[in-house]
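Read-outs: derived from the displayed coordinates by stated rules, not from any lab. Quantities reported herein were computed from a predicted structural model and do not represent experimental measurements. Methodologically, a virtual Cβ is constructed for each residue, glycine included, from the backbone with ideal geometry; neighbour enumeration extends over all protein chains shown.
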Amino acid sequence: MLFEVKGLSKRFGAIAALSDVGFQVRPGEVLGLIGPNGAGKTTLFECLAGVLPFDSGSVSAGGRPVGSRERPSLLYYVPDGIAPWPAQSVRWALDYTIGFFGGRAGLREEIIGQLDLGGLLRQPVGTLSKGQRKRALLAIGLLTPQPALLIDEPLDGLDLRQMRDVATALRTHASRGRTLFLSIHQIGDAARCCDRFVLLSGGRVRGEGTVAELGVLAAARGASGTTGNLEEVFLALT
């Protein structure tokens, strides 16, 4: 186990955005955080990354608590819908990531090829389309050195071919030991990309495991015909 979350809760006034959230993250896996819009996925990632303080709960690794100051060495968060350093070129952003974070310089050319960024290296980040910006953000994340990478909506804005290429790239990096924790609201996309899943609905974890394990959980709760179908399992458990 790379790290574990226990009892994590976050409120915004009277609204409970997260309630007693707990799950485990394993080394070298592609873990999917799935749930509808408003489930609390982005809030959870922001709490884990230290962007937001959480009200209660803990993050631990190796049986020891990992505080907000230590977490940046454990995980790197790639938000959705941002354009970092908008006046700078994609090449500058990638090189800055490597230099500032002590990133994976040896993977630079490979990642540029995997995400088809060669023709965009001279473009300012702020001029990129939604899909182009998403691929640039993914490259920044993959170049960072942290063992765990949290990515909010990694496939949003991509066409079918790009989605396949990105999914293949993510699996390649996971096979080398990088842990990828992906927040995805399209269940079909999650099923194609991920090894295990954390089902989040209404700010609560409704299940954790592989599709088969979640199917067993759904059956134990009285659902039928869900084994092997992540969408049906999700509906049964939420």
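Brief remarks follow.
- Prolate/oblate/rounded label for segment 53-116 (Cα gyration tensor, a/c 1.5): prolate
- Loop-resident GluC sites (Glu not before Pro) (DSSP state other than H, G, I, E or B) in segment 20-122 with no more than 16 further Cβ atoms inside 10 Å of their Cβ: Glu70.
- For the pair segment 127-159 / segment 33-100, the C-alpha centres are spaced 12 Å from each other.
- Percentage, to the nearest whole number, of Cα pairs in segment 121-213 over 24 Å apart: 25
- Sites Glu109 and Val51 - FRET efficiency at Förster radius 25 Å, r taken between beta-carbons, to 0.05: 0.20
- Taking the inverse of the mean 1/r over every pair of distinct Cα atoms in segment 84-145 gives a Kirkwood hydrodynamic radius of 11.2 Å.
- Most mobile listed residue (Gly63, Gly22, Gly81) in the chain, GNM with C-alpha springs under 10 Å: Gly63
- The stretch between Thr172 and Lys130, if pulled fully straight at 0.36 nm per residue, gains 12.7 nm over its current Cα-Cα span.
- A helix-only calculation puts the chain at -10500 deg cm²/dmol for mean residue ellipticity at 222 nm, using -39500 (n - 2.57) for each DSSP H run of at least four residues, averaged over all residues.
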